[in-house]
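Everything on this sheet refers to the single structure shown next.
The values are calculated or read from the model by the stated rules, or taken from the named source; none is laboratory data. Source: prediction; values computed, not measured. Because the Cβ atoms are built from the backbone with ideal geometry, glycine has one as well, and the counts that use them run over all protein chains shown. Surface accessibility is based on the protein's heavy atoms, side chains included, excluding ligands, DNA and RNA. Shrake-Rupley method; radii C 1.70, N 1.55, O 1.52, S 1.80 Å.
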Amino acid sequence: MKRNTPLITLLTGAGLGVVLLISSMLANPSSAPLNYSAAAASSAAPASSAAPAESATPAESATPAESSEAPEQSSAAAPSPAPTRTTPTRADFAGRVGGGGGSVAVSVHGDKAIAYVCNGSTVEGWMRGKVENGKLTLTGKNQTHLTASYHAGKVTGDVEAHGTDYSFSVSTVSKSTSKSSGLYQATAVVQGKTIKAGWIVLGDGTQIGSLETDESAKTAVTAPKLDVATMTARIGNVVLHAVPVSGVTGSGF
């Protein structure tokens, strides 16, 4: 019995130590789990709160950016407006030459043009020609010629007939002020000779007309008055039937 006493004492001490260890562990179990759950909760909270902020920010910023850029792209892609055409392709012009010594009329119909100049007596001339890029180059008998440019409702240039040169700048014929304004011509055969008369009727109703006494057009006289209502004029017993020369309608071309 005496030989087993130390062993019993040792076992008793070991058992007491195990009991104390277990008691210590049982006394502190709640502190560790509490710390773990708190850390997990604190780390989870920022993650859950950050996620909506990240998803909302792109959605809110994307829409204004797209709408603000759209007008710039559409304006940059818009084509340039076409230039306004100021040179008419069908028009009639008439007026007095510089100094008032005569009158001139010009009719443009596409790429063709007819002009007439006269002083109401000895100077007159009919001319025809082409239109290119707003420029007129017209010629007639006995070296009659006209060079001019036209745009924005006006023809400006020089014309020569029967050795007399005129400069001019005349505007578009306005039918609102005078329905009869414009250029007229008439031809007839008298005693075997072809005569040709021309009249320029201005906006105020004034008539200026000359008459070729023969086809050579080397001489001219004052034309008889034109009745614009009946479009006729008389030379003695001869009746001249006039027709308008108009670039707008193409009459006389």
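Structure notes:
- Of all residues in segment 189-237 being open to solvent by less than 60 Å² (accessible area, probe 1.4 Å) and touching a helix residue (DSSP H, G or I) at 6+ places or on another chain (Cβ under 8 Å), the one that is farthest from Asn119 (Cα to Cα): Ser216
- Which numbered condition Ser180 fails, given (1) surrounded by fewer than 22 Cβ atoms within 10 Å (Cβ to Cβ); (2) over 32 Å from the mean Cα position of the chain (by Cα); (3) at pLDDT 95 or above: (3)
- In segment 92-117, the residue that is nearest to the chain's Cα centre (by Cα) out of those that are open to solvent by less than 20 Å² (accessible area, probe 1.4 Å) and free of Cβ contacts under 8 Å to residues at least 60 places away in the same chain is Ala115.
- Filter pass, Ser149 being out of contact with any helix residue (DSSP H, G or I) (no Cβ under 9 Å at 6 or more places or on another chain), among the small types (Gly, Ala, Ser), part of a strand (DSSP E or B) and without any contact (Cβ under 8 Å) to a residue 40 or more places away in the chain: yes
- In segment 228-253, residue farthest from Gly182 (Cα to Cα) [restricted to those that are over 43 Å from the mean Cα position of the chain (by Cα), not in a loop (DSSP other than H, G, I, E, B) and not small (Gly, Ala, Ser)]: Val238
- So Lys196, is it of a type in the set (Lys, Arg), free of Cβ contacts under 8 Å to residues at least 24 places away in the same chain and within 25 Å of Ala148 (Cα to Cα): no
- Check on Lys175, modelled with pLDDT under 85 and either small (Gly, Ala, Ser) or assigned to a loop (DSSP other than H, G, I, E, B) (or both): yes
- Among (1) assigned to a strand (DSSP E or B); (2) in contact (Cβ under 8 Å) with a residue 12 or more places away in the chain, the one test that Asn142 misses: (1)
- Single residue of segment 118-139 satisfying the filter (open to solvent by less than 30 Å² (accessible area, probe 1.4 Å) and not in a strand (DSSP E or B)) that is nearest to Val159 (Cα to Cα): Val123
- Residue in segment 81-88 that is out of contact with any His (no Cβ under 6 Å at 6 or more places or on another chain) and at pLDDT 90 or above present: no
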